[in-house]
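Undergrad: My questions will all concern the structure given below.
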Amino acid sequence: MSQTSQAQTSKPPGQGRPGQGRPGQGRPGQGRPGQGRPGQGRPGGRPGQGRPRRERKPIVEPEWIPKTILGKKVASGEISSMEEILSQGLRIQEAGIIKKLVPDLETKVFDVGIIQKMTPNGQSTSFKALVAAGNKNGWLGIGMGKSKQMRVAIEKANNAAYINVSPIKLGCGSWECRCDQKHSVPFKVKGKGGSVTIEILPGPRGLGLVAGGKIRDLLQLAGLKDAWTTAKGSTATMNSTSKALLNCLRQTFSQG
């Protein structure tokens with residue numbers, strides 16, 4: 001047979017009867033996965049087909065049931081303010097007490113991290129979260145939580161932040177301003193946490209908060225509007241930085 005007759009009888013690969021030859025050509029649904037009819041081959045098919053997405057249900061907080069003597073007094077109405085608790089020196093062990101007496105508190109997640117360690121059974125992974133609670137009017141609390149699930153760690157940090165809420169005395173201690181408004185600290189305060197040392201100086205109105213990003217957010221959550229700050233040490237470690245800042249702001253109430 002000559003070369004011309006062989007060229008006429010031979011067919012290029014992939015043509016002819018559908019489903020044969022090169023994969024991906026021919027009858028839809030056969031050959032290369034992911035091509036052809038939707039739902040066959042590679043999972044997914046055409047976008048927009050399949051089961052509709054379920055709507056997320058809103059998170060409903062469970063009703064607070066007091067377990068301590070102080071919690072029962074707050075729930076019954078015998079104690080109606082935080083000043084009564086602080087004057088008597090009572091210990092707060094339930095987050096529901098703070099939520100009822102200071103209802104305008106806001107929470108914000110400041111730091112999230114992963115904890116990995118080796119155990120005899122292998123590598124163990126857990127999560128940690130740092131949350132701050134404040135009302136931008138003289139109340140601030142910082143808490144930390146750890147768990148194997150991120151959501152549970154944030155919930156634990158929220159409860160710890162509510163329990164650690166402390167009063168902060170606001171005022172104007174700047175010699176440049178000398179007003180009677182509560183926009184800064186009444187005097188210079190200094191606090192230490194781990195290797196971090198933070199110092200806050202009162203500033204005049206209109207100055208703003210001269211501080212780093214996360215330190216500025218914490219001061220705003222506490223209610224400060226104008227202040228100078230200095231920070232020394234490993235300020236990238238938010239656990240030590242937040243403790244130093246909270247110890248610093250607590251001195252405004254204890255000394256004033």
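The values are calculated or read from the model by the stated rules, or taken from the named source; none is laboratory data. Quantities reported herein were computed from a predicted structural model and do not represent experimental measurements. All Cβ positions, glycine included, derive from the backbone under ideal geometry; neighbour counts span all protein chains shown. Keep in mind that these areas ignore ligands, DNA and RNA; they rest on the heavy atoms of the full protein, side chains included. Shrake-Rupley method; radii C 1.70, N 1.55, O 1.52, S 1.80 Å.
Undergrad: Kindly check whether there is at least one residue in region 88-110 that is modelled with pLDDT of 50 or more, outside any helix (DSSP H, G or I), under 30 Å from Gly134 (Cβ atoms) and of a type in the set (Ser, Thr, Tyr). Write out each step before concluding.
TA: The initial filter retains those residues of region 88-110 that are modelled with pLDDT of 50 or more, namely 88-110.
Now drop any that are not outside any helix (DSSP H, G or I), which leaves 89-94, 102-110.
Of the ones still in play, those that are also under 30 Å from Gly134 (Cβ atoms) are 89-94, 102-110.
Pick out the ones that are also of a type in the set (Ser, Thr, Tyr) and you get 107.
Within region 88-110 (the criterion being modelled with pLDDT of 50 or more, outside any helix (DSSP H, G or I), under 30 Å from Gly134 (Cβ atoms) and of a type in the set (Ser, Thr, Tyr)), the answer is yes, since at least one residue qualifies.
Undergrad: All but one of (1) touching a Lys or Arg at 6+ places or on another chain (Cβ under 9 Å); (2) closer than 22 Å to Lys99 by Cβ; (3) surrounded by fewer than 21 Cβ atoms within 10 Å (Cβ to Cβ) hold for Val131; state the number of the condition that does not hold.
TA: Of (1) touching a Lys or Arg at 6+ places or on another chain (Cβ under 9 Å); (2) closer than 22 Å to Lys99 by Cβ; (3) surrounded by fewer than 21 Cβ atoms within 10 Å (Cβ to Cβ), only one is false for Val131: (3).
Undergrad: Is it the case that some residue within region 57-69 is at pLDDT 90 or above and either surrounded by fewer than 14 Cβ atoms within 10 Å (Cβ to Cβ) or aromatic (Phe, Trp, Tyr) (or both)?
TA: yes
Undergrad: Still on this structure, please answer the following. In region 226-239, which residue that is in contact with a Lys or Arg (Cβ under 9 Å, 6 or more places away or on another chain) and open to solvent by less than 50 Å² (accessible area, probe 1.4 Å) is farthest from Gly171 (Cα to Cα)?
TA: Here the answer is Met238.
Undergrad: Need pairs with beta-carbon distance below 6 Å; first residue among the hydroxyl-bearing types (Ser, Thr, Tyr) and within region 165-180, second surrounded by fewer than 18 Cβ atoms within 10 Å (Cβ to Cβ); sequence gap 6+ or separate chains.
TA: Going by the 6 Å Cβ cut-off, the qualifying pairs are Ser166/Arg250; Ser174/Pro204.
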